[in-house]
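These notes concern the structure reproduced below.
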Amino acid sequence: MAYQALYRVWRPQRFEDMIGQEVITRTLKNAITTNQISHAYLFAGPRGTGKTSAAKIFAKAINCHHQTDGEPCNECETCKAITAGTLNDVIEIDAASNNGVEEIRDIRDKVKYAPTVADYKVYIIDEVHMLSTGAFNALLKTLEEPPANVIFILATTEPHKIPATIISRTQRFDFKRIAASDSYNRMIYILDQKGVIYDEQAVKVIAKAAEGGMRDALSILDQALSFGDNEITLDNALLVTGSVTHELLATYVQQVLGGDTKAALATLQSVLEAGKDAERFTEDLISYARDLLLYQQAPQLVEEAEMGSVSDDFQQLAKQTPAQTMYAMINELNAIQQQMRFTTHPDVYLEILTIKLAEIGRQKGATPTAAPAAPNAAAATPSAPAASSSALTALQHEVDQLKSTVKQLEQTPVAAKPAAKPRVTKKAPAKEVNLAKIYPVLGAATREKLNQLQEVWPDVLDSLSITQRAVMKVSQPVAAADSGVIVAFDYAFLYQRATSDHELTDALENGLDRMIGTALPVVFVPKEDWPVIRKNYLTAHKDELQNNHAGDAEQPAKPAANPVVTKAEELFGKDVVDVKND
Ligand SMILES: [Zn+2]
């Protein structure tokens, strides 16, 4: 006999067998025993939560002459025929494939005839939101004048797409996502019945990955079974679900929180090389970080969700990481997740993410490895809020310091700046912006050259290695001449990284050589400093610019344009120029 998918074989045949929808099944059974049956139902909810199973059980229960407490007997001819899908009076329609008006007109024509065998004719319309407007109108007419002994069960994953006029004529049930522990228990039951060997941890991984859908859980279980020669191992479960193990996640989080960018990038690399999906990894990281936060407040909730398996690593991290850091991390993860939707290179975003997270780890001074918790304090949870409030004070202090530094910077010429960039972190102070390289480029810069560079820039970046691209992703050319190009960075720490990376500079120049035929020298600047740099340049070279202008005999008749402004406009466009003439 051909292999039958688990979700088919183990499809619930009684309300009692349904997982995680107790309120709905109780209400339906009650309706049957008290004979208060509505002529139209709407079953709404995520996929794989039991909507069509409930519909078929309901169809059986109202037609079964041996029903007890609202449950079908599953033994009589009627029950068996409905289970097999051979009873003409129970009609299943998949609106996703039959969305034509004709199909519904057909219903309207046939609905007039009384059921032939059963007591009730039951139409089960799956994915009903897919019906065309015409079909909805036809359906509405039928629902407005429902014939006796005909019941409609409309199932949908997207109830908001169904016209209100239809919804108002139905009794609505909202199916919930199934709790991981519920689908875990169901899978364990099935595996025990089948006599399959399994690793409990593996089944937990599958239960979590199914995200509330029982059918998905069983499909994944099927795949893991086919991989593992009738055995469910953790490795296979991780492979099939694309999940990352908690150990790997813990290692990665420890590394970024410890500010160890290099190690974290290496871990990321091995995660990606193992074929894990970048979006899945981000998803896993978000739920890991959320769990850490939650664990600080309500450990028992996490214990429950994790089905009792909270690792030592996880507990340590939860104890040592200030809540503030976790929030910053989650914000960063959410932002990256949004951006990843629009890219064909999600891996690159993960590299940037890693660099940013490690930066957060360094800034917040959250270094789990440097500050091991006292073993005796292990059982106590109150340490977490205390830690976070002291971290908050420290953070507030840092922010105040930063603010005054920024103020200073705004009033100080760029060249004098580096010493002012203070001990925000313990890393080396920011490198001095190299004006000796920048000014000559500015002197010869043209708008035309800049446009050319901006156009080819994405292609130049494509020629870099993944790690290099991660650094350069948030950069763009801001000025260009035949003698060089100035590239600005959104983030100061990426600017620093780029500046100290000579291989990167070489790779960029090679890329430029390929794209525009010249290996233009590349100079980096932090974007936040850029307005000050160009303004200082224009001020410093005002006389020079004016002299050049004076020597130009071509335009004496025109109202004298400010040559500094002209130069600035040429460089940066009209929108950004504000040069004071003192
Ligand atoms: Zn029966």
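Read-outs: derived from the displayed coordinates by stated rules, not from any lab. Values in this document were obtained by computation on a predicted structure and should not be read as measured data. Quick reminder, even Gly has a Cβ in these numbers, built from the backbone with ideal geometry, and neighbours come from all protein chains shown.
Annotations for the structure displayed:
- Efficiency of FRET between residue 185 and residue 140 - r from beta-carbon atoms, R0 56 angstrom, step 0.05: 0.85
- In terms of its Cα atoms, region 6-174 spans 40, 34, 31 Å along the principal axes, sorted from long to short.
- Extension reserve of the residue 262-residue 37 stretch, reckoned as 0.36 nm per residue once the Cα distance is removed: 74.5 nm
- Once the chain from residue 164 to residue 451 is taken as fully extended at 0.36 nm per residue, the excess over their C-alpha distance is 98.0 nm.
- Model label points for residue 345 and residue 301, set 7 angstrom from Cα along the Cα-to-Cβ axis, are 3.9 nm apart.
- Which of 343, 116 has the fewest Cβ neighbours within 10 Å, and the rest in rising order: 116, 343
- Distance (nanometres) between label positions extended 7 Å along Cα→Cβ at residue 112 and residue 543: 10.2 nm
- Three-way shape call for region 180-241 based on the alpha-carbon gyration tensor, with the a/c threshold at 1.5: oblate
- Simple Cβ-charge dipole of region 60-149, Lys/Arg +1 and Asp/Glu -1, about Cα centre, in debye nearest 20: 260 debye
- Of 176/208; 51/276; 141/176; 437/535; 276/319; 449/527, those spanning more than 22 Å from alpha-carbon to alpha-carbon: 51/276; 141/176; 276/319
- Most to least packed among 101-114, 260-273 [average Cβ atoms within 10 Å]: 260-273, 101-114
- Cα gyration tensor shape of region 148-286, rounded if a/c is under 1.5, else prolate or oblate by comparing a/b with b/c: oblate
- Between residue 124 and 91, 92, 93, 153, the built amide H atoms are under 5 Å apart, and every one of these is 5 or more places off in sequence or on another chain.
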